[in-house]
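Visitor: Next up is a structure, given as structure tokens.
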């Protein structure tokens with residue numbers, strides 16, 4: 001406040017200043033008149049400046065439209081360019097594997113980035129329906145209820161195109177989920193999704209079952225769902241056996257029978273799904289009972305690919321079918337955890353690839369019987385898991401599949417099999433090649449105990465072939481080694497240091513490099529995608545001095 005010297009100060013803004021000057025009885029004094037005149041000029045100048053700024057913005061927009069070549073393109077061409085900027089809609093497999101999407105709440109949306117550039121780009125982006133026919137909704141307990149407004153706008157911009165929908169609740173809470181806490185968001189969101197359900201083509205849902213049951217279609221315009229994936233939230237909070245103590249009514253029942261060709265379910269009963277099973281060609285199921293697996297085989301006779309993780313320690317005596325189930329179209333089969341009771345009841349004459357995580361399965365028993373019963377030309381086998389099995393049993397089984405082209409192991413492997421592959425790399429033309437005569441590729445994923453010195457013998461060398469012998473067509477070896485599994489002091493150890501702990505002899509690296517030079521594909525990686533061959537070649541100085549960091553041989 002100004003110091004009071006006996007005068008009374010009154011401060012006014014220009015709007016509050018009195019129009020009459022108290023200094024002169026007849027009107028404003030000359031000072032006030034000059035001040036009023038200046039303020040009038042300021043008001044005129046301010047108005048003119050504001051208008052000039054508006055005019056400048058309009059001229060800049062016009063200049064951009066004249067100078068920017070993109071703005072001169074036809075809208076159809078601009079829309080096509082924008083379509084190339086947006087990643088394609090993910091498959092159901094990519095839905096599961098997209099860990100970045102699960103963990104990062106700030107995943108950018110290319111569509112919104114394009115629309116933020118300028119008015120012209122926004123007009124094109126907003127009107128290009130193909131940019132908006134994939135909706136990915138990531139829900140957390142912090143998602144505001146107003147988010148539904150943006151979902152509605154997104155779906156409206158997709159026009160009438162078929163939709164790929166992904167809705168998932170990503171919990172960062174330790175305690176169990178209380179579905180009712182999501183009501184302010186989920187109830188309006190379900191209403192918006194129901195408005196477009198007739199356009200659903202691919203669907204991935206990972207939300208509480210109480211909301212899935214509220215999805216309903218218009219009977220007059222049923223959707224054509226081709227790919228359906230349901231991943232129960234409960235499998236994160238309950239041990240798998242507890243999931244099947246009680247059966248519920250159909251959870252996914254949208255008012256008609258969708259007929260998907262690709263179905264993927266995790267921790268759901270078959271009775272929870274109100275769908276038509278007859279058109280399924282690819283099925284993936286986690287936490288199934290043995291009885292349910294047989295039901296899938298009976299109902300989905302058109303299947304070409306099937307992957308099942310079957311609950312162990314489940315009674316299957318009453319579920320065993322009276323006669324073998326013949327799946328005439330099945331070409332790919334993957335069985336995890338419980339294998340024997342399934343193989344005992346199946347016949348797959350068209351089977352080309354099989355993958356299993358074996359649980360106490362005698363390969364020379366049920367597995368051989370399954371191959372014999374199916375009479376199939378099996379081309380690929382993949383062994384998963386780290387169970388120990390008799391190596392002679394494994395060799396006996398592989399002897400029964402001479403058509404095998406790709407052999408993969410994700411488990412420790414003994415040396416006898418590797419040596420046998422090397423010993424039978426060639427066969428005289430007047431005899432029968434008894435062991436894996438058609439093998440083209442060998443894949444190994446496991447601990448750092450592979451006999452690297454055996455690699456050269458596994459691959460027939462072109463110089464060794466002649467008219468009298470037939471080489472095995474094996475031309476590709478792929479290895480992914482877990483160097484950290486059996487080491488304790490790895491906290492501050494780099495990938496390169498871990499790799500160099502597993503001594504691979506220089507002669508073995510030289511042989512592998514020679515094989516690479518001859519056109520044979522050999523690759524060795526660790527779990528961090530470090531190229532082991534290159535690392536050891538530099539360590540032994542086999543690349544010369546080109547890299548500048550070559551180390552000498554110890």
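Visitor: Taking other Cβ within 10 Å of each residue's Cβ, how do 161, 228, 513 sort, fewest first? Walk me through the numbers before you get to the answer.
Guide: On the way: 161 15, 228 23, 513 18.
So the ranking, lowest neighbour count to highest, is 161, 513, 228.
Visitor: Per-residue counts of other Cβ atoms within 10 Å, averaged by peptide: what ranking do you get for 74-87, 343-356, 208-221, highest first? If you can, show how the numbers build up before the last one.
Guide: Values: 74-87: 12.9, 343-356: 19.7, 208-221: 15.1.
Highest-to-lowest ranking by the protection proxy: 343-356, 208-221, 74-87.
Visitor: What nm distance separates the two modelled labels at residue 518 and residue 159, each placed 7 Å from Cα along Cα→Cβ?
Guide: Simple spin-label model gives 5.9 nm for this pair.
Visitor: Take the Cβ-Cβ distance between residue 500 and residue 55 as r, set R0 to 60 Å, and report the resulting FRET efficiency rounded to the nearest 0.05.
Guide: Numbers: r = 69 Å, r/R0 = 1.15.
My answer for the efficiency is 0.30.
Visitor: Report, in whole Å, the centroid distance computed from the Cα atoms of segment 48-71 and segment 26-42.
Guide: Comparing the Cα centres of segment 48-71 and segment 26-42, I get a distance of 37 Å.
Visitor: So how far apart, in nm, are the two label points at residue 70 and residue 43 if each is 7 Å from Cα heading toward Cβ?
Guide: In this crude spin-label approximation the distance works out to 4.5 nm.
Visitor: Order these peptides, 289-299, 42-52, by their mean beta-carbon neighbour count within 10 angstrom, highest first. Spell out each step's value before the answer.
Guide: Working: 289-299: 19.2, 42-52: 10.2.
So the order, starting with the most tightly packed, is 289-299, 42-52.
All of the numbers you see were taken from the coordinates with simple rules; none came from a lab. The shown structure was predicted, so the numbers you read here are calculated from the model rather than taken from an experiment. Every residue, glycine as well, gets a Cβ built from its backbone with ideal geometry; the counts of neighbours run over all protein chains shown.
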